[in-house]
Amino acid sequence: MALVFKGVMQSTVTPLKDDYTPDLPTFEKLLEFHVRTGATAISWPHHKGESLNLTMDERKSLAEVAVKAIAGRIPISIHVSALSVEDSMDLAQHAQQIGADAIIAITPYFWNPSPQALYDFYVRLGTSVDLPMIAYNSPRMLSGAEFTGDLTRRLIERLPNLIAMKDASFHSEKFLEIARAAHELRPDFSMIAGVEFLAPSVPLGCVGCYSSAGAICPNLCQQLYDACMAGESVRARELQMRLLRLWDLLRDQYPSSLKGGMVIMGRPVGPTSPPLPTASKERQAFIATRLGELGILDTEPHGW
């Protein structure tokens, strides 16, 4: 299988039981749902997957389930970021052992490392495995630590396995700076948008997104991607506005409202682990109303 990261890719939630332990059978059903509804790749566990609330053993066991369930049908990358750099290294090596296709790693948590410290971190992580690596830029989430064009250039020169970046800066100038530096050295480098901000990103060289809304409305997400790739700017803008309204709904206590929306669509995945709240019946009813207003209840798959 050629390793290609483009299109509407899914970074899945983590199904939990009532005692907040992983629900492995439901996780398998969720992965199968994403494959069946057109996901071009899977990545787990991003922050919507509650990675910070899972133990290292839980992350490893769920990663094993994911790789086995996908069974080579589409690429699967394992998000290895953790509070401890040593844990990140351990998760990366485990991902390689179980047959994952790639790893993805965000900049280190809490601290605001210098560009040199970020360079050293990614070199250490990227050279610890033979897998392709995806970098993850999200400066607003992590105390301002971010990629620059110069850092991207240095890392690509050093790491032949750095093949893509998920950019969740939602900053067009920064996106262009990174993309220009990457494509000068590696023309097939994949620039991937955070969530479904495709209309502003595809014209700048973006090739896809890691979807959140795909757990609720995979059809709408695919329609947006198709419109963007076809250059249908008016339709793309209209679809993007619908997804923006949905994103405004889902990011409240994220991923609590996302999981609440999945209940409405007949795909319950259990509670959200503390300290985040689980969507109440009242919150679910509010979400259902908004999904109806967006036309999602009548146009998207229900159930597994």
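Assorted remarks:
- Cβ-Cβ under 8 Å pairs, at least 6 apart or on other chains, segment 207-220 side crowded, with 24+ Cβ neighbours inside 10 Å, far side outside any helix (DSSP H, G or I) and among the basic types (Lys, Arg): Gly208/Lys6; Tyr210/Lys166; Ala215/Arg267
- Between Ala95, Ala69, the distinction of being closer than 19 Å to Ala215 by Cβ and at pLDDT 95 or above belongs to Ala69 only.
- Of all residue pairs spaced 6 or more apart or on separate chains, those with beta-carbon atoms under 7 Å, a first member in segment 70-89 that is farther than 13 Å from Leu54 by Cα and a second member that is acidic (Asp, Glu) are Pro75/Asp101; Ile76/Asp101; Ser77/Asp101.
- The lone criterion from (1) more than 16 Å from Glu86 (Cβ to Cβ); (2) surrounded by 15 or more Cβ atoms within 10 Å (Cβ to Cβ) left unmet by Pro115 is number (2).
- Taking segment 149-173 as the range and being at pLDDT below 95 and either of a type in the set (S, T, N, Q) or under 19 Å from the mean Cα position of the chain (by Cα) (or both) as the test, the residues that pass are Asp167, Ala168, Ser169, Phe170, His171, Ser172.
- Scanning segment 237-270 for residues that are among the basic types (Lys, Arg) and either in contact (Cβ under 8 Å) with a residue 60 or more places away in the chain or in a helix (DSSP H, G or I) (or both) returns Arg237, Arg242, Arg245, Lys259, Arg267.
- Residue in segment 28-36 that is surrounded by 20 or more Cβ atoms within 10 Å (Cβ to Cβ), in contact (Cβ under 8 Å) with a residue 40 or more places away in the chain, in contact with a Leu (Cβ under 8 Å, 6 or more places away or on another chain) and not in a strand (DSSP E or B) present: no
- Against the list (1) more than 20 Å from Leu30 (Cα to Cα); (2) assigned to a helix (DSSP H, G or I); (3) not polar (S, T, N, Q), the condition Gly231 fails is (2).
- Val4 passes every criterion in (1) in a loop (DSSP other than H, G, I, E, B); (2) modelled with pLDDT of 95 or more; (3) surrounded by fewer than 23 Cβ atoms within 10 Å (Cβ to Cβ) apart from (2).
- Filter result (assigned to a loop (DSSP other than H, G, I, E, B) and buried (at least 20 other Cβ atoms within 10 Å of the Cβ)) within segment 7-22: Thr12, Val13, Thr14, Pro15
- Scanning segment 60-94 for residues that are basic (Lys, Arg) and within 21 Å of Ala164 (Cα to Cα) returns a single hit, Arg73.
- Residues that are at pLDDT 95 or above and among the aromatic types (Phe, Trp, Tyr) within segment 98-120 comprise just one, Tyr119.
- Each residue in segment 159-169 was checked for being part of a loop (DSSP other than H, G, I, E, B) and either surrounded by 17 or more Cβ atoms within 10 Å (Cβ to Cβ) or in contact with a strand residue (DSSP E or B) (Cβ under 7 Å, 6 or more places away or on another chain) (or both), and 4 of them qualify.
- For segment 225-241, the criterion of being of a type outside the set (A, V, I, L, M, F, W, C), surrounded by 20 or more Cβ atoms within 10 Å (Cβ to Cβ) and more than 30 Å from Leu276 (Cα to Cα) is met by at least one residue.
- Residue among Ile178, Ile156, Ile134 that alone is among the β-branched types (Val, Ile, Thr), in a strand (DSSP E or B) and surrounded by 15 or more Cβ atoms within 10 Å (Cβ to Cβ): Ile134
- Summed over segment 187-227, the residues that are assigned to a helix (DSSP H, G or I) and of a type outside the set (A, V, I, L, M, F, W, C) give a count of 8.
Matching residues to (1) among the hydroxyl-bearing types (Ser, Thr, Tyr); (2) over 19 Å from Ser257 (Cα atoms); (3) within 17 Å of the chain's Cα centre (by Cα):
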residue: Tyr20; (1), (2), (3): yes, no, no
residue: Lys29; (1), (2), (3): no, yes, no
residue: Thr40; (1), (2), (3): yes, yes, yes
residue: Ala71; (1), (2), (3): no, yes, no
residue: Pro75; (1), (2), (3): no, yes, yes
residue: Ile98; (1), (2), (3): no, yes, no
residue: Thr107; (1), (2), (3): yes, yes, yes
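- Residues that are loosely packed, with under 15 Cβ neighbours inside 10 Å and over 15 Å from Gly149 (Cα atoms), drawn from segment 181-205: Asp188, Pro203
The values are calculated or read from the model by the stated rules, or taken from the named source; none is laboratory data. Quantities reported herein were computed from a predicted structural model and do not represent experimental measurements. Virtual Cβ from ideal backbone geometry, glycine too; neighbours counted across all protein chains shown.
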